[in-house]
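I have placed the structure first, in the form of structure tokens, so that the comments after it can refer back to it.
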Amino acid sequence: MDGWQGLFSLVLTAAVLLLLFFTRLAPHLVMMSALTLLSVTGILTSAEALSGFSNAGLITVAAMFVVAAGIHGSGGVDLIIKHLLGRPATIRKAQIRATAPVVALSAFLNNTPVVATMIPAINAWAKQIDIPVSKLLIPLSYAAILGGTLTMIGTSTNLIVNGQYQAMTGSEGFSLFSITKIALPVVITGCLFMWWWFPKALPAYGSEKRFGNLREFTLEVAVAHDGALVGKTVEQAGLRHLKRIYLVEIERDGSIVTAVPSEEKLLGGDRLVFAGDTEAISDLLRINGIVPSTEEERPLIAENRAERRLVEAVISPHSDCIGQTIRDSEFRNRYGAVVLAVARDGDRVPGNLGSIRLMAGDTLLLEARPAFVTRQRYNKDFLLINDLETESPRHERAYLSWAILGVVVGLATFDVLSMLNAALIGAAAMVLTGCCSINQAHKSLDITVILTIAASFALGMALAKTGVAEFIAVHVVELSGGDALLILILTYLCVSVLTELITNNAAAIIMLPIVLQITGAAGLNAEPYIMALMIGASASFATPLGYQTNLMVYGPGGYKFSDFVKVGVPMNIIVAGATVFVIWLLYPLQVTTS
């Protein structure tokens with residue numbers, strides 16, 4: 001290990017891991033800070049620090065995001081939903097029908113848009129076949145994770161590791177289906193276990209559990225005719241800064257004023273809808289000029305009105321609101337939407353709505369203006385928005401989008417073009433043929449993910465350059481006694497644990513130089529260990545925070561954190577065991593000499 005540079009790199013790596021695990025700091029900010037320190041201290045040259053941004057694997061990831069957007073924007077996934085779901089008679093058959101196509105899709109597409117498309121479809125389908133949606137959404141996420149391991153383009157982790165492996169070793173890297181002979185039996189094993197165990201193990205939460213009764217968290221009052229509040233603004237009437245409730249909307253002469261501004265003047269007969277602690281109704285009625293609402297048959301908020309939309313949104317790990325209360329985050333002003341209720345761990349959070357501190361994975365019931373939909377196309381604050389009028393799918397191009405994907409796969413499979421060039425051509429074709437709009441292509445590029453991946457390369461490179469990777473490798477080899485199988489098990493376990501603690505891409509990139517040094521020091525064949533690294537980095541099942549698709553289904557499924565632990569830990573063990581066994585069976589772990 002090279003003097004202070006090695007010690008600094010080791011301490012910096014430990015600090016990054018601790019910050020990612022114990023704080024809410026965004027991963028891309030942590031990784032970019034590490035990159036800056038490594039460049040400023042001279043441990044890496046500027047070219048080395050920024051090499052991740054030109055890595056072929058990273059650019060391929062970005063291009064495949066656009067290809068996936070083309071399948072999504074053309075309604076290509078809808079073809080799968082329409083022809084394969086049907087009306088199964090049992091929960092097990094429903095899980096098989098919901099997950100089998102997702103495994104196949106995720107082998108070639110980024111799994112985030114696949115899962116985002118399937119969630120509302122599975123929600124509606126679960127109601128039709130009278131099966132709790134909580135029995136279906138965790139299997140949906142796990143199927144997407146498993147499917148992503150089947151090919152080199154199935155998950156960004158495989159692409160990134162392949163690109164960095166090429167850069168660090170000078171080899172040609174792996175072909176599109178190099179990993180398939182290992183991943184396919186692992187995926188089959190994981191799916192069989194899932195279809196056997198999950199129907200019994202997953203909870204049967206009701207689909208209307210969180211926000212089923214609007215009366216539970218909204219209340220209505222009226223402005224008295226010729227009362228003290230007539231002609232006053234909302235601010236002047238003292239209705240803007242109430243402690244336990246929010247003013248959501250005003251119904252006036254058959255029309256709705258949504259996300260009510262402070263300067264809105266009140267008129268006699270206005271019906272006011274508040275959200276929050278419904279026990280505050282008595283406090284509200286003490287205000288001079290407020291009277292009980294006269295229409296009790298149906299809550300005003302439950303009526304369909306063109307002026308507003310009721311939507312459910314899941315808070316993204318990239319959201320600026322995380323860690324803030326609803327009131328402090330100025331949610332209404334920031335998004336033009338009002339929070340009616342918050343669900344966490346499968347249950348609605350009761351009490352003072354304004355004081356609820358928002359967390360990644362929280363499901364929000366929002367009342368929003370129609371323009372809210374448009375704005376969400378350009379930010380990453382919400383992972384999923386249900387029932388929105390987004391751009392209509394171009395169904396006439398659905399088959400064309402699948403043909404483009406087929407060409408991309410064919411070009412890469414038969415080495416006509418590199419995976420990078422095939423993906424770039426596919427992305428361009430999706431936009432030029434109108435399978436996805438430029439806006440949809442732009443939205444598909446998750447800049448925070450790309451920054452995290454690119455900056456992670458600097459940390460991995462520093463570990464290799466300063467001798468830290470070699471130092472760790474020597475001690476791991478000594479600890480294992482040079483046993484090839486034990487080193488394989490340790491490799492998988494290390495990256496699997498890291499993936500549950502930090503992002504999967506960062507875990508893989510940090511571990512790659514260490515694994516290369518270990519295999520070199522022990523005289524082992526590096527390829528099977530790199531394959532174990534790829535699968536271990538993707539196979540994150542034990543927590544909702546370990547993988548983005550887990551977080552996406554966390555809120556809509558009404559799950560508790562413990563639900564993921566209950567089924568995810570056995571799933572991790574099964575997939576780990578299958579991966580190690582298949583690699584041991586198929587690959588020579590020692591370097592063969594002729």
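Readers should treat all values here as calculations from the given coordinates under stated rules, not as data from a laboratory. Quantities reported herein were computed from a predicted structural model and do not represent experimental measurements. With ideal geometry, Cβ positions are generated from the backbone for all residues, glycine too; neighbour counts draw on all protein chains shown.
Here are a few things to note about the model shown:
- The simple spin-label model puts a point 7 Å past each Cα toward its Cβ; for Ser171 and Glu478 those points are separated by 2.7 nm.
- In this rough spin-label picture, where each label sits 7 Å from Cα along the Cβ direction, the Ile96-Phe21 distance is 4.1 nm.
- The angle between the Cα long axis of helix 180-201 and the longest principal axis of the Cα atoms of the chain comes to about 40 degrees, rounded to the nearest 10.
- Answer label, with mean projected area of the Cα convex hull in nm² calculated from the coordinates and candidates (1) 49.0; (2) 32.6; (3) 28.9: (3)
- Taking amide hydrogens as placed 1.01 Å from N in the peptide plane, the amide H of Asn110 sits under 5 Å from those of Ala68, each at least 5 positions away in sequence or on another chain.
- Here the sum of -39500 (n - 2.57) over DSSP H runs of 4 or more residues, divided by the residues of the chain, equals -17000 deg cm²/dmol at 222 nm, to the nearest 500.
- Between helix 91-106 and the chain: long-axis angle, C-alpha atoms, 0 to 90°, nearest 10: 60
- Between helix 27-40 and the chain: long-axis angle, C-alpha atoms, 0 to 90°, nearest 10: 50
- Each residue of segment 133-145 was assigned a 3J(HN,Hα) from its phi angle through the Karplus expression (A = 6.51, B = -1.76, C = 1.60, θ = phi - 60°), giving 5, 5, 7, 10, 7, 4, x, 4, 5, 5, 5, 5, 5 Hz with x at Gly and Pro.
- Residue order, fewest to most beta carbons within 10 Å, for Asp345, Asp283, Asp362: Asp283, Asp345, Asp362
- Efficiency of FRET from Cβ geometry, Gln324 and Glu263, R₀ 22 Å, rounded to 0.05: 0.30
- Backbone N under 17 Å from the Asn439 label point (7 Å along Cα→Cβ), restricted to segment 58-102: 69-70, 72-75
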